[in-house]
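Below: the structure, in C-alpha cells.
The values are calculated or read from the model by the stated rules, or taken from the named source; none is laboratory data. Please read these numbers as outputs of a predicted model, since none were measured by experiment. Here the Cβ positions follow ideal geometry from the backbone for every residue, glycine too, while neighbour counts run over all protein chains shown. Heavy atoms of the whole protein, side chains included, go into the accessibility calculation; ligands, DNA and RNA do not. Shrake-Rupley method; radii C 1.70, N 1.55, O 1.52, S 1.80 Å.
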Amino acid sequence: KGKKGKKKKKKKKKKGKGGGGGAGPSREPEDEAALVAAEEAELAAALEESARLEEGRRAAEAQGSSSAAEAPAPREEEPPADFICPITTEVMSDPVMAADGHSYERSAIERWLATKSTSPMTGEALEHSILTPNHALRGRIREWQEAHR
C-alpha cells in the first residue's frame, strides 16, 4: 500500500500530464481548458436564451399578443431585432459584421473568436476572423435610442 500511495503523488506532481492537482495558484492547461469550457457554455446558454426569447416574441406576435397576463405592460417600445446582439441579447453599441454576414457586439464576438472559428449563428466555419465596423447599423441604433429616451 505504501508504494502505491507514493506513485500517485509522483504522478500528480508531473506537469501537463492531466489530473490537475486541485486548487492552487499554478495555472495549468487544465485550468485554462476549464475557463474556456465555462465561457463556451456561457455563450451557448446566452444563444439558446436568445433563440428562446425570439421564439416567444414571434409566437406572441402570431397570436396578436392576446395573452395579456403573460406580457408585461408596454412601458417601452422594443428595439428592432437587428439592433440586438445574438450573443449578448442586448442592444449593440459597437456593432461589427463577421464573415457570416451577421452583426455582433464587438466585445462579444471577439471573446467568441478567441476560442472558436465558427459562426455563433450558423455553427459553420468562418472564412476569416476579420470584423468590419457596421457604421450604418450603429447610426440606426443611435437614432432609435435618441428617439426612445
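Which residue, of GLU70, GLU61, GLU76, GLU90, is within 29 Å of HIS148 (Cα to Cα), modelled with pLDDT of 85 or more and open to solvent by 80 Å² or more (accessible area, probe 1.4 Å)?
Numbers: GLU70 fails: modelled with pLDDT of 85 or more; GLU61 fails: modelled with pLDDT of 85 or more; GLU76 fails: modelled with pLDDT of 85 or more.
Answer to the check: GLU90.
Residue under question is HIS102, and the condition is that it be more than 17 Å from the chain's Cα centre (by Cα) and not acidic (Asp, Glu); does it hold? Steps first, please.
Working: more than 17 Å from the chain's Cα centre (by Cα): no; not acidic (Asp, Glu): yes.
Judged against the criteria, HIS102 is not a match.
If the Cβ limit is 8 Å and pairs must be 6+ apart or interchain, which residue in the range 94-106 that is within 11 Å of LEU137 (Cβ to Cβ) and open to solvent by less than 10 Å² (accessible area, probe 1.4 Å) pairs with which residue that is aromatic (Phe, Trp, Tyr) and assigned to a strand (DSSP E or B)?
Here the result reads PRO95/TYR104; VAL96/TYR104, each pair linking the range 94-106 to a residue that is aromatic (Phe, Trp, Tyr) and assigned to a strand (DSSP E or B).
With the requirement that a residue be open to solvent by less than 80 Å² (accessible area, probe 1.4 Å), over 26 Å from GLU76 (Cβ atoms) and free of Cβ contacts under 8 Å to residues at least 24 places away in the same chain, what does the range 123-144 give you?
Once the filter is applied, which keeps residues that are open to solvent by less than 80 Å² (accessible area, probe 1.4 Å), over 26 Å from GLU76 (Cβ atoms) and free of Cβ contacts under 8 Å to residues at least 24 places away in the same chain, the range 123-144 yields only GLY123.
Mind checking which residues of the range 111-122 are in a loop (DSSP other than H, G, I, E, B), among the β-branched types (Val, Ile, Thr) and surrounded by 12 or more Cβ atoms within 10 Å (Cβ to Cβ)?
At the first step, the residues of the range 111-122 found to be in a loop (DSSP other than H, G, I, E, B) are 114-117, 119-122.
Filter again for among the β-branched types (Val, Ile, Thr), leaving 115, 122.
If the condition is that a residue be in a loop (DSSP other than H, G, I, E, B), among the β-branched types (Val, Ile, Thr) and surrounded by 12 or more Cβ atoms within 10 Å (Cβ to Cβ), then THR115 is the only one that fits.
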